[in-house]
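Structure incoming, see below.
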Amino acid sequence: MSGNTLGTLFTLTTFGESHGPAIGCVVDGCPPGLALSESDIQPELDRRKPGTSRHVTQRREDDVVEILSGVYEGRTTGTPIALLIRNVDARSKDYAKIATSFRPGHADYTYLRKYGLRDPRGGGRSPARLTAPAVAAGAIAKKWLRERYGVEVRGFLSQLGPNRIAFKSWDPVDANPFFAPDDSIVPELESYMDKLRKSGESCGARLSVVASGVPPGWGEPLYGRLDADIAQAMMGINAVKGVEIGSGFASVEQMGTEHSDEMTPQGFLSNNSGGILGGISTGQDIVVSIAIKPTSSIRLPRKTVDVSGAAATIETHGRHDPCVGIRATPIAEAFLALVLADHALRHRAQNADVAESTPRVPARAPVGDRGAKSSSLFEDPDPAEA
């Protein structure tokens, strides 16, 4: 199987299956000298791991990470960093009845058609379980970006099914099981999920990720565009069916005078571009939104076919997230950080000696600095405030 590596200079290669003995990854290209231990990585895995609330899968995985290589006396050596996460709570018997049929919306059918065989235990390499190694790798990228460039990568849940969530503050994001930026809406989200879980249905979600402090100049036109690489990485996350940069599809209804981000000596007046122009970072917040489809594994009967092509009915039992988007915020953050770390190294390789005399246009206030109105995801500030 090819296609398991992301990146050019800062690369991630994952391995393992959902119900195998372990999953993990190799991170190559991390610069030497970065202070790194398991304690730098584990908190990110704890944010993503299953069983953290009644609203997600009850599979009990501690997701304890082990660093196998690439670190000596507490610092990265510049050699490949191997990370291992052991599976301890796989229940393969839950999948025995569906081994000969295809779950609608899953990769069962496509994997079999491509490879001639498939691992039915939890979906093999296709389920969200395989995002854990990426989150571990993303923790390394996050730390390097923060220490080297002052870049912060943060995300939040902006919509759960039909429930839109206005951005109020970063403060409550890690204090509730939904990563919601408004704690007052949490009871409503919990009620919605309780009803959804009892019905046997599932729902989708929208997540927003913001990278602040990114310097201008990262990205390579035409075919190494920063936004294109971000979109590719985000579409590599399980269940993602759409990616927006900045105003995204809302730009269809905008006029040119509204969408183009005017500049003044005091700074940009808006950020519809999502911090990227011509595939190159502007120095503003990089703003990305992703759409996650409803969970395909549901216990309600669904029409399908079996491996012989005969009509069948399938019900998926076991432990599944009614909405995979609830745990996906750390995943989206990780993939954005991985792409940014890769482009930081690519920019440094070619353009480290560039000296530009044109003054930098200041970025507008980062998301969160002035409450909801500062969020370039939803509305622009009054020009007088910029």
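Filter the stretch 16-30 down to the residues that are in a strand (DSSP E or B) and crowded, with 17+ Cβ neighbours inside 10 Å and list them by number. Steps first, please.
Let us first name the residues in the stretch 16-30 that are in a strand (DSSP E or B), namely 16, 22-28.
Answer for the stretch 16-30, where residues must be in a strand (DSSP E or B) and crowded, with 17+ Cβ neighbours inside 10 Å: Gly16, Ile23, Gly24, Cys25, Val26, Val27, Asp28.
Right, here's the next one. For the stretch 100-123, how many residues meet the condition of being of a type in the set (D, E, K, R) and touching an Asp or Glu at 6+ places or on another chain (Cβ under 8 Å)?
To start, the set of residues in the stretch 100-123 that are of a type in the set (D, E, K, R) comprises 103, 108, 113-114, 118-119, 121.
Subsequent filtering for residues that are touching an Asp or Glu at 6+ places or on another chain (Cβ under 8 Å) retains 118-119, 121.
Counting residues in the stretch 100-123 that are of a type in the set (D, E, K, R) and touching an Asp or Glu at 6+ places or on another chain (Cβ under 8 Å) gives 3.
Kindly evaluate Gly219 against the criterion of being in contact (Cβ under 8 Å) with a residue 12 or more places away in the chain, loosely packed, with under 15 Cβ neighbours inside 10 Å and on the phi > 0 side of the Ramachandran plot. Spell out the reasoning first.
Numbers: in contact (Cβ under 8 Å) with a residue 12 or more places away in the chain: yes; loosely packed, with under 15 Cβ neighbours inside 10 Å: no; on the phi > 0 side of the Ramachandran plot: yes.
Answer is no for this residue.
Go through (1) touching a residue at least 12 places away in the same chain (Cβ under 8 Å); (2) out of contact with any helix residue (DSSP H, G or I) (no Cβ under 9 Å at 6 or more places or on another chain) for Leu34 and report which single condition fails.
Status for Leu34: all satisfied but (2).
Out of Asp261, Asp227, which single residue is without any contact (Cβ under 8 Å) to a residue 40 or more places away in the chain and either of a type outside the set (Gly, Ala, Ser) or out of contact with any Pro (no Cβ under 6 Å at 6 or more places or on another chain) (or both)?
Values: Asp227 fails: without any contact (Cβ under 8 Å) to a residue 40 or more places away in the chain.
Of the residues listed, the single one that is without any contact (Cβ under 8 Å) to a residue 40 or more places away in the chain and either of a type outside the set (Gly, Ala, Ser) or out of contact with any Pro (no Cβ under 6 Å at 6 or more places or on another chain) (or both) is Asp261.
Okay, moving on. Residues in the stretch 228-274 that are under 18 Å from Ala363 (Cβ atoms), part of a loop (DSSP other than H, G, I, E, B) and not charged (D, E, K, R): how many?
Summing the residues that are under 18 Å from Ala363 (Cβ atoms), part of a loop (DSSP other than H, G, I, E, B) and not charged (D, E, K, R) in the stretch 228-274 gives 11.
Follow-up. Test each condition in (1) closer than 25 Å to Ile298 by Cβ; (2) touching a Lys or Arg at 6+ places or on another chain (Cβ under 7 Å) for Leu207 and report the one that comes out false.
(2)
Of the residues that make up the stretch 122-133, is at least one closer than 17 Å to Phe335 by Cα and in contact with a Cys (Cβ under 8 Å, 6 or more places away or on another chain)?
Yes, that holds for at least one residue.
Are any residues in the stretch 278-310 small (Gly, Ala, Ser), out of contact with any helix residue (DSSP H, G or I) (no Cβ under 7 Å at 6 or more places or on another chain) and over 20 Å from Asn238 (Cα atoms), and if so, which ones? Let's see the steps before the verdict.
Within the stretch 278-310, the subset small (Gly, Ala, Ser) is 278-279, 281, 283, 289, 291, 296-297, 308-310.
Pick out the ones that are also out of contact with any helix residue (DSSP H, G or I) (no Cβ under 7 Å at 6 or more places or on another chain) and you get 278, 283, 291, 296-297, 308-310.
Once the filter is applied, which keeps residues that are small (Gly, Ala, Ser), out of contact with any helix residue (DSSP H, G or I) (no Cβ under 7 Å at 6 or more places or on another chain) and over 20 Å from Asn238 (Cα atoms), the stretch 278-310 yields Gly278, Gly283, Ser308, Gly309, Ala310.
For residues that are part of a loop (DSSP other than H, G, I, E, B) and touching a Phe, Trp or Tyr at 6+ places or on another chain (Cβ under 9 Å), scanning just the stretch 152-171, find the one that is farthest from Pro294 (Cα to Cα).
Taking the candidates together, the pick is Trp170.
Okay, moving on. Which residue, of Tyr111, Tyr115, Tyr149, Tyr192, is in contact with a Lys or Arg (Cβ under 8 Å, 6 or more places away or on another chain), surrounded by fewer than 23 Cβ atoms within 10 Å (Cβ to Cβ) and either within 30 Å of Arg346 (Cα to Cα) or among the hydroxyl-bearing types (Ser, Thr, Tyr) (or both)? Explain how you work it out, then say what you get.
Working: Tyr115 fails: in contact with a Lys or Arg (Cβ under 8 Å, 6 or more places away or on another chain); Tyr149 fails: in contact with a Lys or Arg (Cβ under 8 Å, 6 or more places away or on another chain); Tyr192 fails: in contact with a Lys or Arg (Cβ under 8 Å, 6 or more places away or on another chain).
It is Tyr111.
Further, regarding this structure: Kindly indicate the residue of the stretch 31-52 that is under 20 Å from the mean Cα position of the chain (by Cα) and assigned to a loop (DSSP other than H, G, I, E, B) and also modelled with the highest pLDDT among those meeting that condition. Reasoning before the result, please.
Pass one, the stretch 31-52, residues under 20 Å from the mean Cα position of the chain (by Cα): 40-52.
Retained after the next criterion (residues that are assigned to a loop (DSSP other than H, G, I, E, B)): 49-52.
On the way: Lys49: 82, Pro50: 69, Gly51: 60, Thr52: 63.
Among residues in the stretch 31-52 that are under 20 Å from the mean Cα position of the chain (by Cα) and assigned to a loop (DSSP other than H, G, I, E, B), the one modelled with the highest pLDDT is Lys49.
Also: Consider Asn238 against the criteria (1) in contact with a strand residue (DSSP E or B) (Cβ under 7 Å, 6 or more places away or on another chain); (2) within 30 Å of Pro301 (Cβ to Cβ): it satisfies all of them except one. Which criterion is unmet?
Of (1) in contact with a strand residue (DSSP E or B) (Cβ under 7 Å, 6 or more places away or on another chain); (2) within 30 Å of Pro301 (Cβ to Cβ), only one is false for Asn238: (1).
Continuing with this model, one more query. Tally the residues that are surrounded by 16 or more Cβ atoms within 10 Å (Cβ to Cβ) and not aliphatic (A, V, I, L, M), restricting the search to the stretch 180-189. Steps first, answer last, please.
To start, the set of residues in the stretch 180-189 that are surrounded by 16 or more Cβ atoms within 10 Å (Cβ to Cβ) comprises 180-182, 185-186, 189.
In the following step, the residues that additionally are not aliphatic (A, V, I, L, M) were identified as 181-182.
Adding up the residues that qualify gives 2.
Looking only at residues in the stretch 58-110 that are of a type in the set (Lys, Arg) and not in a loop (DSSP other than H, G, I, E, B), which one is modelled with the highest pLDDT? Steps first, please.
Taking the stretch 58-110 as the starting set, the residues that turn out to be of a type in the set (Lys, Arg) are 59-60, 75, 86, 91, 93, 97, 103.
From what is left, the residues that are not in a loop (DSSP other than H, G, I, E, B) are 75, 86, 93, 97.
Details: Arg75: 98, Arg86: 94, Lys93: 63, Lys97: 70.
By that ranking, first place goes to Arg75.
Name the single residue that is surrounded by the most Cβ atoms within 10 Å (Cβ to Cβ) among those in the stretch 275-318 being of a type in the set (A, V, I, L, M, F, W, C) and part of a loop (DSSP other than H, G, I, E, B).
So in the stretch 275-318, the residues of a type in the set (A, V, I, L, M, F, W, C) come out as 276-277, 280, 286-288, 290-292, 298, 300, 305, 307, 310-312, 314.
Filter again for part of a loop (DSSP other than H, G, I, E, B), leaving 298, 300, 307, 310.
Details: Ile298: 21, Leu300: 11, Val307: 14, Ala310: 9.
Looking at residues that are of a type in the set (A, V, I, L, M, F, W, C) and part of a loop (DSSP other than H, G, I, E, B), I get Ile298.
The values are calculated or read from the model by the stated rules, or taken from the named source; none is laboratory data. Treat the numbers as computed from the prediction; the structure is a model and nothing was measured. Backbone-built Cβ (ideal geometry, glycine too); neighbour counts: all protein chains shown.
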